[in-house]
Amino acid sequence: EAGVVQSPRYKIIEKKQPVAFWCNPISGHNTLYWYLQNLGQGPELLIRYENEEAVDDSQLPKDRFSAERLKGVDSTLKIQPAELGDSAVYLCASSSSALNTDTQYFGPGTRLTVL
Amino acid sequence: AQSVTQLGSHVSVSEGALVLLRCNYSSSVPPYLFWYVQYPNQGLQLLLKYTTGATLVKGINGFEAEFKKSETSFHLTKPSAHMSDAAEYFCAVMLSGTGGFKTIFGAGTRLFVKA
């Protein structure tokens, strides 16, 4: 069974440009997470979806970040405009449900470099 | 504020030696606790988790961790290190938050294994 798929794996853009990341969770997983991982740090939750509903977006900088999961499967995370400080790895994860003990499965991440 | 502290950003051991990675958490109630491993350019993979019941938890690749409520600790151990154990390890706690439960990660400990 395929794991969590993310694309692109790497992205280099200039500041003020827009960028989008795509995530395809494990088939049948209703819960999808986007995390931000800065160099030398652990992941920090940006947004969590239950099917197509964003149930926790309290840490998402809504002035420049947006996300969607229109059909409750794939998800896209967008930054517009990007800033230098947005350089990081963006991780997507999924789990079969929102139960707090369910294992989260992580994708390989998208490494963003903003010049 | 709830937090997770991993003592030591880098740990170096010789092959065959004991691995001990430390994790302490702050929480007013016993949380759910996790250890993840991250290999270069890959996503996080669950090693083990503590939810309820037995406080000594066994995971994959010969790792285990013990939940000690009195010490608010969840240290990760492995009796004999292997070269393939070289990776970044993250301790995480799952706490109640906005929209349900949220996973808080420590900053990570990079394990080096010397031949």
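No value in this document is a laboratory result; all are computed from the given coordinates. As the structure is a prediction and not an experimental result, all values here were calculated from the model. Quick reminder, even Gly has a Cβ in these numbers, built from the backbone with ideal geometry, and neighbours come from all protein chains shown.
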(message) Can you compute the radius of gyration and Dmax for chain A, using only the Cα atoms, both in Å?
(response) 13.3, 40
(request) Report the full-extension gain for the segment residue B:12 to residue B:58: residue separation times 0.36 nm, less the Cα-Cα distance, to one decimal in nm. (result) 14.3 nm
(request) Could you work out which residue, out of A:91, A:39, A:77, moves most in a Gaussian network model of chain A, that is, has the largest mean-square fluctuation with Cα springs under 10 Å? (result) A:39
(request) Evaluate E = 1/(1 + (r/R0)^6) for residue B:70 and residue A:58, where r is the Cβ-Cβ distance and R0 equals 41 Å; express this FRET efficiency to the nearest 0.05. (result) 0.80
